[in-house]
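The structure appears right after this line, and notes come after that.
Since every read-out is calculated from the coordinates, none of them should be taken as a lab result. Just so it is clear, the structure is predicted and the values come from calculations on it, not from any experiment. Positions of Cβ are backbone-derived with ideal geometry, glycine not excepted, and every protein chain shown enters the neighbour counts.
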Amino acid sequence: MRLAAFTDYGLRVLMRLAGTPGEPLTTAGIAEEFQIPYNHLTKVVLDLSRGGFVTTQRGAGGGIRLARSANAITLGEVVRHLESRYDMVECFRADGGACLLNPLCRLKPQLVAAREAFLIELDKTSLADCAYPGSATSKPSRVAI
């Protein structure tokens with residue numbers, strides 16, 4: 001299963017925040033550290049905030065923080081949230097897509113089962129298990145987000 005770049009970036013942000021608990025980081029600092037386009041990362045951080053994974057605060061002393069303990073966030077819930085906008089295959093779309101194999105397709109139930117097994121496996125891992133403290137040369141930026 002391939003995750004969207006949006007999800008990959010979201011996981012990187014959360015792993016980085018889990019590596020420095022309680023210490024606010026900035027979108028600009030994380031974008032620079034991971035070489036992710038800043039404008040794209042701001043959209044990712046906004047979605048993580050809407051999902052209840054991070055809190056953001058502008059100004060001096062502001063930044064991005066985990067909204068909950070890294071032990072209380074599973075990779076499965078993060079991936080479910082961030083991947084909710086992406087369909088694995090066309091027939092997973094809400095409108096059923098335009099797949100010519102419908103309604104005789106026998107692949108869809110297998111893909112649904114595989115996706116669930118994948119997410120169940122990710123549910124076994126907390127964000128704390130994947131915490132990334134940053135490279136030895138990276139310095140967390142503490143300026144406004």
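In terms of Cα atoms, the Rg and Dmax of region 5-130 work out to 17.1, 59 Å. Rounded to the nearest 10 degrees, the angle from helix 38-50 to the longest Cα principal axis of the chain is 80 degrees.
Structural descriptor for the chain: relative contact order 41 percent, calculated from alpha carbon pairs under 8 angstrom and at least 6 residues apart.
Residue by residue, region 20-32 carries 3J(HN,Hα) couplings of 9, x, x, 9, x, 10, 10, 4, 4, x, 5, 4, 5 Hz when phi is fed to the Karplus relation 6.51 cos²θ - 1.76 cosθ + 1.60 (θ = phi - 60°); x denotes Gly or Pro. For region 121-131, the Karplus equation 6.51 cos²θ - 1.76 cosθ + 1.60, evaluated at θ = phi - 60°, returns couplings of 5, 5, 5, 7, 10, 8, 4, 4, 5, 10, 4 Hz by residue, with Gly and Pro reported as x. Find which of S135, G63, L111 sits farthest along the positive direction of the dipole of the chain, computed with +1 on the beta-carbon of Lys and Arg, -1 on that of Asp and Glu, about the Cα centre. Positive-end residue among those listed: G63. Using the Karplus relation 6.51 cos²θ - 1.76 cosθ + 1.60 with θ = phi - 60°, the per-residue 3J(HN,Hα) values for region 56-72 come to 10, 9, 7, x, 4, x, x, x, 10, 9, 5, 7, 9, 4, 4, 6, 8 Hz, with x marking Gly and Pro. Excluding the sites themselves, what is the longest stretch of the chain that contains no trypsin sites (Lys or Arg not before Pro) in a DSSP loop with at most 16 other C-beta atoms within 10 Å? The longest such stretch corresponds to 3-57. Extension gain, R93 to R68, is 5.9 nm, computed as 0.36 nm per intervening residue step minus the present C-alpha separation.
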